[in-house]
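Asks: Below you will find the structure I want to go over with you.
The values are calculated or read from the model by the stated rules, or taken from the named source; none is laboratory data. All values reported here derive from a predicted model rather than from experimental measurement. Methodologically, a virtual Cβ is constructed for each residue, glycine included, from the backbone with ideal geometry; neighbour enumeration extends over all protein chains shown.
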Amino acid sequence: MIPKTRRDELSSYIVGILKKHDCTPLLVNCLEDHVHILFSLSRTKTIAKVVSEVKTGSAKWMKSNGGDCSYFQWQNGYGAFSVSRSNADKVKDYIANQEEHHKKVSFQEELKKFLDRHQIEYDERYLWD
């Protein structure tokens, strides 16, 4: 879990990781149990490489920067979806309002609905590892 007191700092740290890998951060929003990141992918990096760097770097930062986060770790998997430039503002609004949004619909419910709506096959056994 990501403590509320650490979310802004963690978001800023993730922005730094993205920039280091030549990705343009558009918005990062850390919530209690997940993060939404909207960025332009570098032309020389794979999404898997960027996600790996973000997860590894941010987990190390969380563990070493005070507070009760020595236990911190990300789950093994991740979801990555492309967004057209014309929809970026709509996605930014969606990401910015996640805390309020998840008061009505849980992250787990929302992800399954999203995957179903876009006909993306998944095995629920592996969504929450």
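Asks: Does any residue of the range 54-67 turn out to be closer than 22 Å to Cys23 by Cα, in contact with a Gly (Cβ under 9 Å, 6 or more places away or on another chain), of a type outside the set (Lys, Arg) and not in a loop (DSSP other than H, G, I, E, B)? Walk me through how you get there before you give the answer.
Replies: Keep residues of the range 54-67 that are closer than 22 Å to Cys23 by Cα, which gives 54-62.
Next, from what is left, pick out any that are in contact with a Gly (Cβ under 9 Å, 6 or more places away or on another chain): 57.
From the residues that got through so far, the ones that are of a type outside the set (Lys, Arg) too are 57.
Those left that are additionally not in a loop (DSSP other than H, G, I, E, B): 57.
For the range 54-67, residues closer than 22 Å to Cys23 by Cα, in contact with a Gly (Cβ under 9 Å, 6 or more places away or on another chain), of a type outside the set (Lys, Arg) and not in a loop (DSSP other than H, G, I, E, B): present.
Asks: Of the residues that sit in the range 1-34 and are of a type in the set (Val, Ile, Thr) and modelled with pLDDT of 95 or more, which one is farthest from Ala88 (Cα to Cα)?
Replies: Filtering the range 1-34 down to residues of a type in the set (Val, Ile, Thr) leaves 2, 5, 14-15, 17, 24, 28.
Keeping just the survivors that are modelled with pLDDT of 95 or more gives 14-15, 17, 24, 28.
Numbers: Ile14: 19, Val15: 17, Ile17: 21, Thr24: 13, Val28: 13 Å.
Ranking the qualifying residues of the range 1-34, first place goes to Ile17.
Asks: It is to be established whether one or more residues within the range 79-94 are small (Gly, Ala, Ser), touching a helix residue (DSSP H, G or I) at 6+ places or on another chain (Cβ under 8 Å), loosely packed, with under 13 Cβ neighbours inside 10 Å and assigned to a loop (DSSP other than H, G, I, E, B).
Replies: Going through the range 79-94, the residues small (Gly, Ala, Ser) turn out to be 79-80, 82, 84, 86, 88.
Keeping just the survivors that are touching a helix residue (DSSP H, G or I) at 6+ places or on another chain (Cβ under 8 Å) gives 79-80.
Keeping just the survivors that are loosely packed, with under 13 Cβ neighbours inside 10 Å gives 80.
Retained after the next criterion (residues that are assigned to a loop (DSSP other than H, G, I, E, B)): 80.
Checked against the condition, which is being small (Gly, Ala, Ser), touching a helix residue (DSSP H, G or I) at 6+ places or on another chain (Cβ under 8 Å), loosely packed, with under 13 Cβ neighbours inside 10 Å and assigned to a loop (DSSP other than H, G, I, E, B), the range 79-94 yields at least one hit.
Asks: Continuing with this model, one more query. Is it true that some residue in the range 23-38 is surrounded by fewer than 17 Cβ atoms within 10 Å (Cβ to Cβ) and either farther than 23 Å from Trp128 by Cβ or in contact with a strand residue (DSSP E or B) (Cβ under 6 Å, 6 or more places away or on another chain) (or both)?
Replies: The answer is yes; a qualifying residue exists.
Asks: A follow-up question, please. What number goes with the only condition from (1) among the aliphatic types (A, V, I, L, M); (2) within 15 Å of Pro25 (Cα to Cα); (3) in a loop (DSSP other than H, G, I, E, B) that Val105 does not pass?
Replies: Among (1) among the aliphatic types (A, V, I, L, M); (2) within 15 Å of Pro25 (Cα to Cα); (3) in a loop (DSSP other than H, G, I, E, B), the lone unmet condition for Val105 is (2).
Asks: Still on this model: So which pairs qualify, if the first residue must be in the range 100-129 and within 19 Å of Val83 (Cβ to Cβ), the second must be outside any loop (DSSP other than H, G, I, E, B) and modelled with pLDDT under 85, the Cβ gap must be under 8 Å, and the two must be at least 6 apart or on different chains?
Replies: Glu110/His101
Asks: Here's another thing I want to ask about it. State which residue pairs qualify: first residue without any contact (Cβ under 8 Å) to a residue 12 or more places away in the chain and crowded, with 17+ Cβ neighbours inside 10 Å and inside the range 40-63, second residue among the small types (Gly, Ala, Ser) and assigned to a helix (DSSP H, G or I) in any location, beta carbons under 8 Å apart, and separation of 6 or more residues or different chains.
Replies: none
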